[in-house]
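K.L.:
Before anything else, here's the structure in question.
The values are calculated or read from the model by the stated rules, or taken from the named source; none is laboratory data. Values in this document were obtained by computation on a predicted structure and should not be read as measured data. Note that each Cβ is placed from the backbone with ideal geometry, even for glycine, and that neighbours are counted across all protein chains shown. Surface areas here come from the heavy atoms of the whole protein model, side chains and all, with no ligands, DNA or RNA. Shrake-Rupley method; radii C 1.70, N 1.55, O 1.52, S 1.80 Å.
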Amino acid sequence: MTYWNTRGLRGSVLEERINFTNDYYRKAQLALFQKIPTPITPVQVDHKSHTITLAYFDQNSTVDYIGVVQGIAVCFDAKETAQKSLPLQNIHEHQMLFMEAFQKQKGLAFFLVYFSVLDEYFLLPISTLRQYWDAAHNGARKSIPYAAFEKRYQIRQDKNGMVHYLEAVSLYLEDLERH
C-alpha cells in the first residue's frame, strides 16, 4: 500500500504555475483543464488544524490534468526534477499506458516537465518517453537526459509565472498530424 504524508507534495510549484496558467486559458476561452485529484484515504488527521497528516492512495492515478483545447481532448501529467535528467522512476507504467490509450482514441497526451535546476519547462511526447522506457527495461539508462528534450517543445514562462504550454502543444499536434 502506498502512503502519503505532508512531505509528499513534490512538484507543487510546477502544479501551482500550471493551475495559474490554466485559469488564464479558461478565462481567455483558449482551453479548459481540470486538475485530477488522486483519491486518498486519511489515516491520521490533525483535528486542531483540520489537516490530513497521513493517508494512503486508494488507487493509481492516471494523469494530473485532463481537458480540451479548441475541440481536441488533451491529458497530461506534470513532472518536476532537480536534476539534468528526468528519472523514469518518477513515471509509472499505468500512466504511460493510459496516455497511449488516450492517444489511440484521437486525444493528445504528453508530459509537462520542469527542470528546476535550469528553470526550464518542456513538453515531452509520449513517443519519446516510450523509447527511453523500453531502452531502460533492456538495460539502458534509467532516466531521460536533458539533451533528449527537443528545444522546439521548450515552454516559455513569463514574468507573472505563467507557463505558456499551449504553444508547444500546437507544435506537437502539428508534428503528430504530419506522421
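K.L.:
Looking at (1) closer than 15 Å to MET162 by Cα; (2) modelled with pLDDT of 95 or more; (3) open to solvent by 60 Å² or more (accessible area, probe 1.4 Å), find the lone condition where VAL13 falls short.
P.N.:
(2)
K.L.:
Here is a list of conditions, (1) open to solvent by 30 Å² or more (accessible area, probe 1.4 Å); (2) in contact (Cβ under 8 Å) with a residue 60 or more places away in the chain; (3) outside any strand (DSSP E or B), and GLU80 meets all of them except one; can you say which number that is?
P.N.:
(3)
Matching residues to (1) over 27 Å from ALA31 (Cα atoms); (2) at pLDDT 95 or above; (3) open to solvent by less than 60 Å² (accessible area, probe 1.4 Å); (4) assigned to a helix (DSSP H, G or I):
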{"site": "TYR132", "(1), (2), (3), (4)": "yes, yes, yes, yes"}
{"site": "ALA135", "(1), (2), (3), (4)": "yes, yes, yes, yes"}
{"site": "GLY139", "(1), (2), (3), (4)": "yes, no, no, no"}
{"site": "ILE144", "(1), (2), (3), (4)": "yes, yes, yes, no"}
{"site": "ARG152", "(1), (2), (3), (4)": "no, yes, no, yes"}
{"site": "LYS159", "(1), (2), (3), (4)": "no, no, no, no"}
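K.L.:
Can you go through VAL117, VAL74, VAL113 and tell me which one is over 17 Å from ALA148 (Cα atoms) and of a type in the set (A, V, I, L, M)?
P.N.:
Values: VAL117 fails: over 17 Å from ALA148 (Cα atoms); VAL113 fails: over 17 Å from ALA148 (Cα atoms).
So the residue among VAL117, VAL74, VAL113 that is over 17 Å from ALA148 (Cα atoms) and of a type in the set (A, V, I, L, M) is VAL74.
K.L.:
I would also like to ask the following. Against the condition in contact with a strand residue (DSSP E or B) (Cβ under 9 Å, 6 or more places away or on another chain), under 22 Å from PHE102 (Cβ atoms) and not small (Gly, Ala, Ser), how does PRO145 come out, does it pass? Walk me through how you get there before you give the answer.
P.N.:
Values: in contact with a strand residue (DSSP E or B) (Cβ under 9 Å, 6 or more places away or on another chain): yes; under 22 Å from PHE102 (Cβ atoms): no; not small (Gly, Ala, Ser): yes.
Taking the combined requirement at face value, the residue does not satisfy it.
K.L.:
Could you tell me how many of the residues in the range 105-118 are touching a Leu at 6+ places or on another chain (Cβ under 7 Å) and surrounded by fewer than 23 Cβ atoms within 10 Å (Cβ to Cβ)?
P.N.:
1
K.L.:
Next up: So TYR121 fits all but one of (1) out of contact with any Leu (no Cβ under 6 Å at 6 or more places or on another chain); (2) open to solvent by 50 Å² or more (accessible area, probe 1.4 Å); (3) at pLDDT 95 or above; what number is the exception?
P.N.:
(2)
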